[in-house]
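Quick notes on the structure that follows.
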Amino acid sequence: MRVAMLTPMAQDSAIADVMLQAVPDLAREWDLEVWYPAEPNPRPCPVPSRSFGALDSDALAELAEFDLVVYVLGDSPFHAAMLPFMRRIPGLVVLHDASITNLVRTAAVRDKSLDTVVREVEELHGEEAAEILRVGYAPGGPLKWLDFCSQVPLDQIALQRSLGAVVHSQWHARRVDGMSLGEITVAPLPVPTSRMREKSERARGPIDKALAALDPADLLVVTVGHVNANRLVDEIVSAAADLESERLHVWAVGHVESSTRAELRRRAVQLGLGDRFLLTGRVDDALLADVLERADIAVALRTPVLEGQSASVLTQMRAGLPAVVLNHGHYAELPDDAVVKVDPDNVRHGLVDALQRLARDPEERARRGEAARDYAGARNGSAYADAILVAAERALAARPMTVLAADLNRRLERIDLHRQPAVVDLVSDLAFELFDLA
Amino acid sequence: MKVLIASTTVPHVAGGGSLIARWTAEAMREEGHHVEEFYLPFPTEPRHVLSAMVGLRSMPFSGSADRLLAIRWPAHVIRHENKATWFIHHFRQVFDLWDTPFRGVPDNAEGMAFRESLRRIDNMALSESRALFSNSLIVRDRLRHYNELEAVPLFPPLGGDTSRFRTDEYGDFIFYPSRLTPIKRQLLAIRAMRHTTTPVRLVVAGRPDVASFGTEIEDYVRRQGLEDRVDLRLGWMPEEEKVDLLARCLAVAYLPRDEDSYGYPSLEASHSAKAIVTLSDSGGALEFVRDGVEGLVTEPGAKALAAAFDRLYLDREAAERMGRHSFDRRDELGINWPNTIARLLGDGA
């Protein structure tokens, strides 16, 4: 079977990393070609690959020749060039994020179709949501925009014409249930390879000094990833302060905006945590490996949850760290023996309780860390590829129904009846009866 | 009784599927029934079949007439409170022709899902039928196999005034009258003519489904230098000419691959008291023709077929004897309109 997989291949794309882990096994079953959005320095690829740009008829015709097209989508501009192809050639969608609001808005601005998307949002979510999408800003700060993305995820735009989807958690599968005529397959997202790299020789910097300055008796709590408003770093700082332990250090490892940095610093100082709180900023993979090796506890809080699975929590688990997470979204699916789950409606209390328990009991930390390492270690490119192969079979099986839906829609549109509810209902009822679509 | 006959057609393609509906309507009218015929165009291309099915299902026949008789696939999806189905074939390319070049859908999950959709629809619509008939034993068996449904075999008679058929002689040519299409294997009959050792001739008559197949056959005859022994009459043939050829031929050839029924050429041969040459993999034709009784059944190869043609040429008495048995075979199988109409309008009507 000839399959084209449209995926980012940028060096700093974690999605590219995990997809490439599946490629060797996929290529054993498929005649696979990777298409990536134009990129000056793409990752090396073990199968034939080519770049693509704006929609053009030649590329479209070439893509239509494949037996199946797989679109790999995440909520970043890396994926914007795929949407126009996806609208024309339905395929299997690998959906990494639970919200693709930013992606859809970026693509819509780019191809001047924002008005159409805004109208659709107005129909589904009301005028206020439509206006927020139109201006790309939610009054009340960054968290409000993230809340908006969670409530208006725009994933139906990617899925409504698809042959099915691959997601990475049961929670995400439930969120998108019914959006595609095809089936939703839950696949085990592998841990990004670069983040699993062993400690390496490299130049020493200020973070290394901070690491060296830690006393062996100190307890290092880390949270990894872009310091966004939904990561509740302020709550981690407050909880750490509540514990009143001079041995407890909190590090937020990942890119941080200067305004956020200043605010978090101020709060840490206020709470007496100033010299035990560190914002490392972006670190390379080798340094991350060193930090995780020294860390004792991981905290991975997200609210709202915008990804379909968390590569960063898997990375921390792979490093053998017991993780504290909120008991919602896909985090609720993590094994109870590896993570400590905190009630999202009572974050502070739950977090203090969890940190206190783990701080006091090195055996529990070790036990949970081992279970976390086993859980994350079982995730690999082969297992991921196996699930994608199953999803592809299901996608092919869905094609007759998507063709049916497209045909019916076109026929009704031709006689201008596609927006007449009575007619659409009648036709839908017949299709549901004949094709058992209920 | 008020009867609706609903069947499907492919515009400008004539075949047994449309004849059976028309002749059934005529025969019912002769018995005094009020019959209206509906021929609904239906695509053959798999890509368009599913949405066309929705259109067919929406046809508003419910509440009109005492019985609706659905004939050609998939007319049985039409809704009616007293529906009978005379099932003459599945959407064959995804069922019994799956493992052949005629499949027309990919041999993967997509093709299988398409087939499963059709199987489900057939099961639903056929189960709605108050009576289910098949036109042959082979179609009955396919319904058992693919749908786990039991149909009553009901062999369709030839329509119109059959007194037009006659027997003039047992001449020197084999006549193959049928729609010209690869599945009927006219080319095999022509290839057999390269291996015959007697002066037997072959007359092939029929309209090509696609012009290129007619051209291919003409080219083959020319390339093999068979023009003086193979008479191609491609295109629509007037009924009188066909009846005349049937009356004068030595025997009739009917060589479909795994056909759904005995085929009208077999019945026309029978009415003309002519032996029928068919093949061991011709399907429904074998329900009518027994080897050495109503005709000859050979292996599907050019040499075996040539031997059968020669044998009939050399033994005209045998050809005539088998022709007479062919004539009698219809009565043995109850192939007549009064019996057929009684069944179609009987159960549940």
(message) I want to check the label-to-label distance for B:Glu240 and B:Glu317. Put each point 7 Å from Cα in the C-beta direction and report it in nm to one decimal.
(response) 3.7
(request) Taking 7 Å along the Cα-to-C-beta vector as the label spot, tell me the B:Glu36-B:Val13 distance in nanometres, rounded to one decimal. (result) 2.8
(request) Nearest 5 is fine: what % of DSSP beta bridges in the protein assembly as shown come out antiparallel, could you say? (result) 5
(request) Using only the C-alpha atoms of region B:162-333, find the volume of their convex hull and express it per residue in Å³. (result) 96
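Only loop residues by DSSP count here, and only those with at most 15 other Cβ atoms within 10 Å; note down the GluC sites (Glu not before Pro) in region A:1-81 that meet that.
On the way: sites: A:Glu29, A:Glu33, A:Glu62, A:Glu65; in loops: A:Glu65.
Counting only loop positions with at most 15 other Cβ atoms within 10 Å, the GluC sites (Glu not before Pro) in region A:1-81 are A:Glu65.
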(request) Would you please give the FRET efficiency between B:Arg29 and A:Arg373, computed as 1/(1 + (r/R0)^6) with r the Cβ-Cβ distance and R0 = 51 Å, to the nearest 0.05? (result) 0.05
(request) Return, ordered by residue number, the residues of region A:423-437 whose backbone nitrogen is under 12 Å from a label point located 7 Å along Cα→Cβ of B:Ser62. (result) A:430
(message) Distance between the C-alpha centers of region A:139-172 and region B:208-247? Whole Å please.
(response) 65
(message) With +1 assigned to the C-beta of every Lys and Arg and -1 to the C-beta of every Asp and Glu, and no other charges, what is the dipole magnitude of region B:228-349 about the Cα centre in debye, to the nearest 20?
(response) 180
(request) For a footprinting-style exposure proxy, rank A:Val104, B:Val230 by other Cβ within 10 Å, fewest first. (result) B:Val230, A:Val104
(message) For region A:194-377, take every pair of Cα atoms, bin their distances at 10 Å starting from 0, and report each bin as a whole percent.
(response) 10, 41, 40, 10, 0
(message) If you average the C-alpha positions of region A:71-101 and of region A:221-267 separately, how far apart do those two centres end up, in angstrom?
(response) 32
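Around A:Ala138, under 9 Å between beta carbons, what's the net of Lys plus Arg minus Asp minus Glu among the other residues?
Numbers: positive: A:Lys144; negative: A:Asp147.
It works out to a net charge of 0.
Kindly count the pairs of lysines across the protein assembly as shown whose alpha carbons are less than 19 Å apart, treating pairs on different chains or eight or more residues apart as eligible.
5
Calculate for chain B the 222 nm mean residue ellipticity that helices alone would give, adding -39,500 (n - 2.57) per DSSP H run of length 4 or more and normalising by residue count, nearest 500 deg cm²/dmol.
Numbers: 12 runs with 136 residues, N = 349.
Calculated mean residue ellipticity at 222 nm is -12000 deg cm²/dmol.
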(request) Pick out which of A:Asp58, A:Asp343, A:Asp275 has the largest mean-square fluctuation in a Gaussian network model of chain A, springs linking Cα atoms closer than 10 Å. (result) A:Asp58
(message) Using a 7 Å offset from the Cα along the Cα-to-Cβ direction at both B:Met124 and B:Glu45, what is the distance between the two label points in nm, to one decimal?
(response) 2.5
(request) Would you tally the net charge around B:Arg194, using a Cβ to Cβ cut-off of less than 10 Å, leaving B:Arg194 out, and scoring K and R as +1, D and E as -1? (result) +3
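Using a Förster distance of 51 Å, how high is the FRET efficiency between A:Lys209 and A:Gln156, based on the Cβ-Cβ distance and rounded to 0.05?
Numbers: r = 49 Å, r/R0 = 0.97.
The calculated FRET efficiency here is 0.55.
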(request) Among B:Lys83, A:Lys341, A:Lys144, rank each residue by its count of other Cβ atoms within 10 Å, from fewest to most, as a rough exposure measure. (result) A:Lys144, A:Lys341, B:Lys83
(request) Counting residues in the protein assembly as shown as N, plug N into 2.2 N^0.38 Å and put the Cα Rg over that result. (result) 1.32
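If you stretched the chain out fully between A:Asn41 and A:Val390, how much longer would it get, using 0.36 nm times the residue separation minus the C-alpha to C-alpha distance?
Working: separation 349, 0.36 × 349 = 125.64 nm, distance 3.16 nm.
Length gained, A:Asn41 through A:Val390: 122.5 nm.
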(request) Rank these for me by crowding, A:Thr303, A:Thr223, B:Thr167, going from fewest to most other beta carbons within 10 Å. (result) B:Thr167, A:Thr303, A:Thr223
(message) Residues of region A:220-249 with the amide nitrogen closer than 11 Å to a label point 7 Å from the Cα of A:Ser259, along Cα-to-Cβ, please.
(response) none
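So for region A:228-357: antiparallel DSSP bridges make up what percent, rounded to the nearest 5? Spell out each step's value before the answer.
On the way: 1 of 12 bridges.
About 10 percent, rounded to the nearest 5.
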(message) Only bridges whose two residues both fall in chain A count here: according to DSSP, what percent of them are antiparallel, nearest 5?
(response) 5
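Using +1 on the beta carbon of Lys and Arg, -1 on that of Asp and Glu, and nothing else charged, what's the dipole of the protein assembly as shown about the Cα centre, debye to 20? Don't skip to the answer; put the middle values down first.
Working: 91 positive and 115 negative charges, 139 e Å.
In total the dipole reaches around 660 debye.
Could you list the trypsin sites (Lys or Arg not before Pro) in region B:222-315 that lie in coil according to DSSP, counting only those with at most 12 other Cβ atoms within 10 Å of their Cβ? Before the final figure, lay out the partial values.
Numbers: sites: B:Arg222, B:Arg223, B:Arg229, B:Arg233, B:Lys242, B:Arg248, B:Arg257, B:Lys274, B:Arg290, B:Lys303, B:Arg311; in loops: B:Arg229, B:Arg257, B:Lys274, B:Arg290.
Passing both the DSSP loop test and the Cβ count: no residue.
Using DSSP to define loop residues, name the GluC sites (Glu not before Pro) in region B:162-231 whose beta-carbon has at most 11 other beta-carbon atoms within 10 Å.
Details: sites: B:Glu169, B:Glu216, B:Glu218, B:Glu227; in loops: B:Glu169, B:Glu227.
Answer in residue order: B:Glu169, B:Glu227.
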(request) Let me know the mean shielding of B:55-62 by other chains, meaning the per-residue number of their Cβ atoms within 10 Å of its Cβ. (result) 2
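Values quoted throughout were computed directly from the atomic coordinates according to the rules given, and no laboratory measurement underlies them. Given the structure is predicted, the values throughout are model-derived calculations rather than measurements. Please note: Cβ atoms are built from the backbone with ideal geometry, for glycine as well, and neighbour counts cover all protein chains shown.
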